[in-house]
């Protein structure tokens, strides 16, 4: 069993994949299998223009698609995706789900 977390922040997008040290124990520690950080600097656009620009949006889609490939390669069983707090970035969360639900995230959640 492997689990993954994707953290989409204003400074970088991170993928963390881990597996339990002992699958038969309910309260076990986890071992890092993969950690990838991509410094996309989404906050540059969001804090200036209150939305993600097209260039950064295209980079984010590509990052999510590459993460989807890594999730497939590592045979991940469960995934969690987190976004910055709405108070930090205004409309960023809503724009993210509007733009990427049909594009990058679809291939991850399938």
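Data overview
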| read-out | value |
| --- | --- |
| Total residues in region 8-36, condition more than 14 Å from residue 70 (Cβ to Cβ), touching a helix residue (DSSP H, G or I) at 6+ places or on another chain (Cβ under 9 Å) and either at pLDDT 90 or above or not in a strand (DSSP E or B) (or both) | 4 |
| Extreme residue, surrounded by the fewest Cβ atoms within 10 Å (Cβ to Cβ), among residues of region 37-55 that are in contact with a helix residue (DSSP H, G or I) (Cβ under 7 Å, 6 or more places away or on another chain) and modelled with pLDDT of 85 or more | 38 |
| Residues (out of contact with any strand residue (DSSP E or B) (no Cβ under 8 Å at 6 or more places or on another chain) and closer than 15 Å to residue 82 by Cβ) located in region 1-42 | 9, 10, 11 |
| The listed residue being at negative phi, surrounded by 17 or more Cβ atoms within 10 Å (Cβ to Cβ) and modelled with pLDDT of 85 or more, out of 63, 104, 5 | 63 |
| Residue that is farthest from residue 1 (Cα to Cα) [pool: residues in region 73-90 that are at pLDDT below 80 and touching a helix residue (DSSP H, G or I) at 6+ places or on another chain (Cβ under 8 Å)] | 90 |
| Residue check, residue 70 modelled with pLDDT of 90 or more, in a helix (DSSP H, G or I) and out of contact with any helix residue (DSSP H, G or I) (no Cβ under 7 Å at 6 or more places or on another chain) | yes |
| Among residues of region 66-78, those that are surrounded by 11 or more Cβ atoms within 10 Å (Cβ to Cβ) and in contact (Cβ under 8 Å) with a residue 60 or more places away in the chain, counted | 5 |
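The values are calculated or read from the model by the stated rules, or taken from the named source; none is laboratory data. Everything quoted here is computed from the prediction, not taken from an experiment. Positions of Cβ are generated from backbone atoms using ideal geometry, with glycine treated the same way; all protein chains shown enter the neighbour counts.
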